[in-house]
1. Please go through segment 67-79 and pick out each residue that is in contact with a Lys or Arg (Cβ under 7 Å, 6 or more places away or on another chain) and within 11 Å of the ligand (Cβ to nearest atom).
2. Within segment 88-126, how many residues are away from the ligand (no atom under 16 Å from the Cβ), part of a strand (DSSP E or B) and not aromatic (Phe, Trp, Tyr)?
3. Within segment 130-151, count every residue that is farther than 24 Å from ASP223 by Cβ and touching a residue at least 60 places away in the same chain (Cβ under 8 Å).
4. Check GLU85, GLU129, GLU142 and return the single one that is within 30 Å of GLY271 (Cα to Cα) and part of a loop (DSSP other than H, G, I, E, B).
5. Could you grab me the full set of residues in segment 226-272 that are touching a Leu at 6+ places or on another chain (Cβ under 9 Å) and in a loop (DSSP other than H, G, I, E, B)?
6. Only one of VAL173, VAL251 is of a type in the set (Val, Ile, Thr), surrounded by 14 or more Cβ atoms within 10 Å (Cβ to Cβ) and at pLDDT below 90; which?
7. Filter segment 93-129 down to the residues that are out of contact with any Ser or Thr (no Cβ under 9 Å at 6 or more places or on another chain) and without any contact (Cβ under 8 Å) to a residue 40 or more places away in the chain and list them by number.
8. I'd like the full set of residues that are more than 13 Å from the ligand (Cβ to nearest atom) and not in a strand (DSSP E or B), limited to segment 45-66.
Amino acid sequence: MDRIARRLFLQGLSSVAAAAGLSAPFQSAWAVEARRPAGPALPKPYTIVIDAGHGGVDPGCIGRVGTYEKDVVLDTALQLARQLEATKRYRIYLSRNSDKFVPLQERVIRARARTADLFLSVHADALPERTVRGASVFTLSEKASDREAAAVAERENRSDIVAGVNYTPDPQVNEILFDLARRETNNQSIQLAQQLVGELGRHVRLLPNTHRSAAFVVLKAPDIPSALVEIGCLSNHDEEAELRKGSYRSVVASALSKSVNTYFDMVARSGA
Ligand SMILES: [Zn+2]
């Protein structure tokens, strides 16, 4: 049933599916899917999960004038989803598309269930030093690249604790990270991070040490290239003011979108 509905929706025959009483599984609360018009078969689209951090009872970090991280990252993720959908190259899923709490491991499990080709987590940070500002990009490593990176991961991994979720390790997610598959995935994650740093740097301020690594729970899918972007520092007065503007978030989303496109150009060229 779901498969038939999915095919009809993918072929642009949503009215046929609706008349037949079929519901599209990807129209569930967390998913937004690019729709393609009927026509000749297109190459298989890449599947991307865009992960807006926090949500619901977990506001994430809070700026000096009360800006919630969960709000600015959701809007940025939605803008990014729209920009990527417009290219018609991808199947896009959002781990949340409203102000809803989703446990960290659940985000990874869902991305794996969708056999995602890429997982991009969008966050904003709050640093103890309020004069510091700029975007930064993280990939996974068991051992953090530096003390500050470890602190960022610790802040982001606290989400489930804030929401009172019992931490029950998922054996698939917590399998040994540094096997061959993990290493290959990590190489791809680093390539993605390099694109993100380069493109963000053309449009917004960056933290000096822009690409770092640490043990983020949401980056632990062993088979999905993944990165986490801190789009700015809500602890900095000026950057909080920027992040409150839809136009600024649009610039950020556009930089993220370009990075993803360039990354998949490279993947396509490599024949993957
Ligand atoms: Zn966050």
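The values are calculated or read from the model by the stated rules, or taken from the named source; none is laboratory data. Every value quoted in this text rests on a predicted model; they were computed, and no experiment measured them. Here Cβ is always computed from backbone atoms with ideal geometry, including for glycine, and neighbour counts include all displayed protein chains.
1. VAL72
2. 3
3. Taking segment 130-151 as the starting set, the residues that turn out to be farther than 24 Å from ASP223 by Cβ are 130-136, 146-148, 150-151.
Next cut, touching a residue at least 60 places away in the same chain (Cβ under 8 Å) only: 130-136, 146, 148, 150.
Number satisfying all stated conditions: 10.
4. Numbers: GLU85 fails: part of a loop (DSSP other than H, G, I, E, B); GLU129 fails: within 30 Å of GLY271 (Cα to Cα).
Of the residues listed, the single one that is within 30 Å of GLY271 (Cα to Cα) and part of a loop (DSSP other than H, G, I, E, B) is GLU142.
5. LEU234, SER235, ASN236
6. Details: VAL251 fails: at pLDDT below 90.
Being of a type in the set (Val, Ile, Thr), surrounded by 14 or more Cβ atoms within 10 Å (Cβ to Cβ) and at pLDDT below 90 holds for just one of VAL173, VAL251, which is VAL173.
7. Looking only at segment 93-129, we keep the residues that are out of contact with any Ser or Thr (no Cβ under 9 Å at 6 or more places or on another chain), and these are 94, 96-100, 109, 112-113, 123.
Passing the criteria: only ALA113.
8. First, the residues of segment 45-66 that are more than 13 Å from the ligand (Cβ to nearest atom): 45-50, 56-57, 64-66.
Within segment 45-66, PRO45, GLY56, VAL57, ARG64, VAL65, GLY66 meet the criteria.
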